[in-house]
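Each remark here refers to the structure printed beneath this line.
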């Protein structure tokens, strides 16, 4: 399994960046919750970090080709759990996304991210044609679409949407024609008015409108975005200091240990702190792409690039919401937001990428 | 970086490999661009606009809390407190600490003697308030209840007792109309420039001295800066801020002893009275009945209490001493006498014969004495209040001269007392009748006015001021209630001296006649005998008046002596060097000599008794100011 030689082939820069972000995240969770009713969460997050590291080591240890062979099993288990949730899921904040396992709850949707990535990469590596045909495209849509639909039914649209970059990256790297891309981009743009008038719920419209103009409703829907921007902006160049952020410590900042944790960081650590964390995220993405380029086979390429798609999109969406560039969606910041399921799945996914790097050279 | 996909066995097609390579690069560049734009956005938010957002964050977290000053106290002329600020105790329930809601409601119900339903209602009223804001379960509880709850803080951690200053009118209804009351500022007051800086909920003077001297009593607000969280809960205090400055105390001209004597003299009768120092205009006592208890305005009192005060037919909130307008009745005969003597139209020796009635302008006017007074001269006509004498005198003087002298003697215009909403009353004449009624003056009206009826309207404070001017020889002082005020902590301004509004020249002979007549009214078996105090030479004049209706016709005198009439007694004492002047008005009191004179006597007896026991220092200073 884990050969001695492989230890020397760990991508230390990637590993360090991932751990650094997770450690900073635990610190910010502490700052977000200290002295309040949630003050135990920082300790729990540290425990999740340890469990996540175990998952990472496990994902590195087993050859990714073996994992690919097993991917139908993992994928199947995820889908069964997601179906089970629709009937027996524990509702937290109106979403039946939680599975109760004794004292802890976990979100199968987070696990499904990794298993879907594995199943998709497995499929993409086995196909032999140079062009992306209709049958291939349909398979991609089916593999990703099944968990997406199940998660959207919970209903957790935000989490479901984070799967979509997998389709895009698989199709793009699988060889979809530029002409087809153009059509695929045009259709949603043309369909937008239809979508707006017939399919979006009122609260979703409010979110979009509020995003376009947060001052529209400063005490209602725009409140979160406004307070988040105030937190980020008031951090200035060097920040107000650890545990000194007024927006966070006085609870003006919403969901500050989960979706808005980056705002807390920006407030307490200023532009320098947010720049460092943003750079660390970029290093992670940069290393994943580099690993994809040096992968020894297409399975490795798709695993690494799929992880890039999942990871980068979540980071960009989350921070985009925090700084007011996007409407509120409820996507956690990978590796930093409080939450065991997200942390563990992110670390397991990173384990897969490290796995690809470690086994890039053919024996 | 190793980049050797050409050696990979899985890739057969070089073209496909190159495309994959290009597309990975495209993704990398796309993501790099997005990250850069995010970074520049953060730079813009945090560094370029950081100051703006920091200000917004401060707006969020800092709250200026206004600290209300204590209102100034109000003292009587001797420095005895009449209005103070008392500590009241409110029982608060901290909903955050409540574990057993039913249990605590039962406990509160038992301790505070309130029905459980009431407590439940009060808690329910706070449903939409932040949970840390305590519920006021009961306001202004007894000290014993407060002490009981305070001693059980350990067992009942969710209950606390908060101390709040409340306006306290120590003497209850005593002098209620002079003092006035306080209440929460109204919307209309808020829009006035005088109340700049006030907010809804602030307590301001609403009537009486509380309102007139509100600027002195209010003091200056202070403030402190609190750090608050998103729910508005105060987390801690910042060192910045200013302490509130308490309002200044007022020392009144009112003498509590005389005031109490006067109130007791009225007992349960309605009416009003003013007692003045004739040499300065200081108001020694002022009463208006029925009264109200100003303390109920200091509480957040119930709608029913408010309604009963506002809608009562007796109008307890009206300050009758300055606002009620009545005919002066026979008191006005003094005005006619002065007018006749000063104008030379008649001397004291003018005699008339009273058969009990008189025919003037073809109409029969009655005297109150059946069978008449016989042949009668001026002093005796005043003493016996003979109507026929003054019908004829009035007819000879004419309404112009009567009206002129009524104005000279202070009627028809406000005295300028330091209270709001004083009425001016009415002195009718031909021009007034044309202006207001669009009718000519009928000669018969002059006859009614001659005995103080008709359209004449005077206020009790005008009557007192008039009596003082007769007593002191023609000097009108502005009546006032504020003797001195605190200008800053513990330092009083100089005592106010009388302000002369008008000096009228009266011949010594006129004064001699009028004073003699008024002295005889009390001391020689006249109508005011019941005000007599041996050795004090009380001078006075009785009067009876019906409530002035819109148009008082000539027939009013027929009702003049009916038992339901209002009684005046107006005068001063002692005759030669008056120390006190007064007007007492008793509603439905019947004859002035019966109802009003004993009240005046009672207060004057107290006044002279106090003077003999202790010569006030103010008394000595005053002699030099005498005109």
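The values are calculated or read from the model by the stated rules, or taken from the named source; none is laboratory data. From a predicted model like this one, the values you see are computed outputs, not experimental measurements. Reconstructed Cβ throughout: ideal geometry from the backbone, glycine too, with neighbour counts over all protein chains shown.
Of the helices (runs of 4 or more DSSP H) lying entirely inside segment B:261-332, those containing at least 3 residues that are at pLDDT below 90 and within 23 Å of residue B:182 (Cα to Cα) span B:295-298, B:303-311. Applying the set (1) surrounded by fewer than 24 Cβ atoms within 10 Å (Cβ to Cβ); (2) more than 10 Å from chain B (Cβ to nearest Cβ); (3) part of a helix (DSSP H, G or I) to residue A:265 leaves exactly one unmet item: (1). For segment A:333-341, the criterion of being part of a helix (DSSP H, G or I) and touching a residue at least 60 places away in the same chain (Cβ under 8 Å) is met by at least one residue.
Of the residues A:280, A:243, which is in a helix (DSSP H, G or I), more than 24 Å from residue A:67 (Cα to Cα) and more than 10 Å from chain B (Cβ to nearest Cβ)?
The unique qualifying residue is A:280.
Can you pull out every residue in segment B:434-472 that is surrounded by fewer than 24 Cβ atoms within 10 Å (Cβ to Cβ) and outside any helix (DSSP H, G or I)? Of everything in segment B:434-472, those that are surrounded by fewer than 24 Cβ atoms within 10 Å (Cβ to Cβ) and outside any helix (DSSP H, G or I) turn out to be B:438, B:439, B:440, B:441, B:442, B:455, B:457. Residue check: is residue B:92 more than 10 Å from chain A (Cβ to nearest Cβ), modelled with pLDDT of 90 or more and either under 29 Å from residue B:243 (Cβ atoms) or surrounded by 15 or more Cβ atoms within 10 Å (Cβ to Cβ) (or both)? No. Which strands (runs of 3 or more DSSP E) does segment B:217-260 wholly contain that include 3 or more residues that are within 14 Å of chain A (Cβ to nearest Cβ)? Fully inside segment B:217-260 and qualifying: B:222-228, B:234-242. Of all the residues in segment B:148-194, those that are touching a strand residue (DSSP E or B) at 6+ places or on another chain (Cβ under 7 Å) and without any contact (Cβ under 8 Å) to a residue 24 or more places away in the chain number 4. For segment B:394-416, which residues satisfy the criterion of being surrounded by 24 or more Cβ atoms within 10 Å (Cβ to Cβ) and closer than 24 Å to residue B:206 by Cα? B:415, the sole residue that qualifies. Could you check, for segment B:66-80, whether at least one of its residues is facing chain A (nearest Cβ under 9 Å) and at pLDDT 85 or above? There is no residue in segment B:66-80 that is facing chain A (nearest Cβ under 9 Å) and at pLDDT 85 or above. For residue A:296, the criteria (1) farther than 23 Å from residue A:46 by Cα; (2) more than 9 Å from chain B (Cβ to nearest Cβ); (3) not in a helix (DSSP H, G or I) hold in every case but one, which is (2). For segment B:130-148, a tally of residues being surrounded by fewer than 16 Cβ atoms within 10 Å (Cβ to Cβ), in contact with a helix residue (DSSP H, G or I) (Cβ under 8 Å, 6 or more places away or on another chain) and in a helix (DSSP H, G or I) returns 1.
Residues in segment A:131-166 that are buried (at least 17 other Cβ atoms within 10 Å of the Cβ) and within 14 Å of chain B (Cβ to nearest Cβ): A:132, A:136, A:165, A:166. When the criteria are applied in full, residue A:315 fails the requirement of being out of contact with any strand residue (DSSP E or B) (no Cβ under 9 Å at 6 or more places or on another chain), in a helix (DSSP H, G or I) and at pLDDT below 95.
Filtering segment A:190-204 for residues that are free of Cβ contacts under 8 Å to residues at least 40 places away in the same chain and closer than 26 Å to residue A:350 by Cβ leaves an empty set. Candidates in segment B:63-81 are the residues that are over 21 Å from the mean Cα position of the chain (by Cα) and part of a strand (DSSP E or B); of these, the one that is nearest to residue B:200 (Cα to Cα) is B:66. The set of residues in segment B:224-281 being on the phi > 0 side of the Ramachandran plot and surrounded by 14 or more Cβ atoms within 10 Å (Cβ to Cβ) consists of B:241, B:271, B:281. Restricted to strands (runs of 3 or more DSSP E) entirely inside segment B:473-553, those with at least 1 residues that are touching a helix residue (DSSP H, G or I) at 6+ places or on another chain (Cβ under 6 Å) and either outside the structural domain of residue B:566 (by TED's automatic domain parsing) or within 28 Å of residue B:596 (Cα to Cα) (or both) are B:475-477, B:539-545. Residues in segment B:431-454 include none that are farther than 30 Å from residue B:217 by Cβ, modelled with pLDDT of 95 or more and in contact with a strand residue (DSSP E or B) (Cβ under 6 Å, 6 or more places away or on another chain).
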